[in-house]
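The values are calculated or read from the model by the stated rules, or taken from the named source; none is laboratory data. The shown structure was predicted, so the numbers you read here are calculated from the model rather than taken from an experiment. Using ideal geometry, Cβ is built from the backbone for each residue, glycine included, and neighbour counts are taken over all protein chains shown. We work out accessible area using only protein heavy atoms, side chains counted, and drop any ligands, DNA or RNA first. Shrake-Rupley method; radii C 1.70, N 1.55, O 1.52, S 1.80 Å.
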Amino acid sequence: MNYATIKKFDIANGPGVRVSLFVSGCRHKCKNCFNSEAWDFSYGEQFTDDTLNELLDAVSKDYIEGFSLLGGEPFEPENQDGVLNVLKAIKQKFPQKTVWCYTGFLYDTQLLAGKVGNADTVKEILQNIDVLVDGKFVEELKSLDLLFRGSSNQRIIDVKKSLAENETIWLEGTWQRRMGSGNIYE
């Protein structure tokens with residue numbers, strides 16, 4: 001797996017200060033994607049044990065609330081094994097920190113339905129994620145009033161509750177704030 005960048009002080013991709021990993025490779029190719037250079041699976045650098053150690057060190061800081069995983073596309077079949085290893089390491093070492101993941105795939109009709117890569121690996125990845133922002137970025141639905149997502153079709157899903165209750169449950173929490181005329185779910 002290649003990665004485009006690691007941001008050690010990210011405040012845009014989940015609540016609080018986070019460490020974010022942007023993996024390389026994406027077939028969605030959304031119009032006006034903010035990270036189109038990462039569509040190429042060979043873009044950036046190879047993710048190694050040293051990279052994982054750097055990531056774990058960055059997440060270990062007391063002021064880091066959690067870890068965010070973006071792309072490219074974390075759920076592309078080529079990235080699934082590498083992503084799972086990263087998430088397992090983070091959850092094992094920092095179970096109290098939240099993991100957010102951004103994907104262009106839909107949680108219920110694609111990821112859970114086994115339509116993306118290895119269904120068992122996808123399920124295990126989801127079990128190591130707290131919050132999933134799903135759906136492709138749609139330029140025509142873009143709004144700067146949205147919190148933690150780029151277009152209004154994207155959902156912010158509480159993965160733990162969704163898996164436990166076998167239905168898609170949108171995230172609710174004290175970090176929510178009203179933006180414009182509505183909340184983050186509009």
Would you mind calculating the relative contact order of the chain from Cα pairs under 8 angstrom and at least 6 residues apart, reporting the percent as a whole number? 18 percent
Among the lysines, which have Cα under 29 Å from the Cα of K61 when same-chain residues fewer than 8 positions away are ignored? K7, K8, K88, K91, K93, K97, K123, K160, K161
Would you grab the residues whose amide H sits under 5 Å from the one on S68? Only those 5+ places off in sequence or on another chain, please, with H modelled 1.01 Å from N. V19, S20, L21, W100
What percent antiparallel are the DSSP beta bridges of the chain, to the nearest 5? 55 percent
When the label point is put 7 Å from the Cα of W170 along its Cα-to-beta-carbon vector, which residues of the stretch 128-143 have a backbone N closer than 18 Å? 131-138, 141-143
Quick check for you: with a 1.4 Å probe and neighbouring chains kept, what is the accessible area per residue of the stretch 34-113, in Å²? 47 Å²
If amide H atoms are built 1.01 Å from N in the plane of the peptide, which residues on other chains or at least 5 residues away come under 5 Å of the amide H of L112? none
On a 1.4 Å probe surface of the protein chains, which of Y43, Y107 comes out largest in accessible area, and what is the full order? Y43, Y107
Protein accessible area in the chain, 1.4 Å probe - carbon and sulfur %: 47 percent
Return the Rg/Rh ratio of the stretch 1-91 with Cα-based radii and a Kirkwood Rh. 0.96
Two-decimal log10 I(q)/I(0) for the chain, as the Debye equation yields it once each C-alpha is a single scatterer, q = 0.11, 0.12, 0.15 Å⁻¹: -0.44, -0.52, -0.85
Could you check what % of the DSSP bridge pairs in the stretch 47-151 are antiparallel, to the nearest 5? 10 percent
Taking springs between alpha-carbon atoms closer than 10 angstrom, which of S151, S143, S60 fluctuates most in the Gaussian network model of the chain? S143
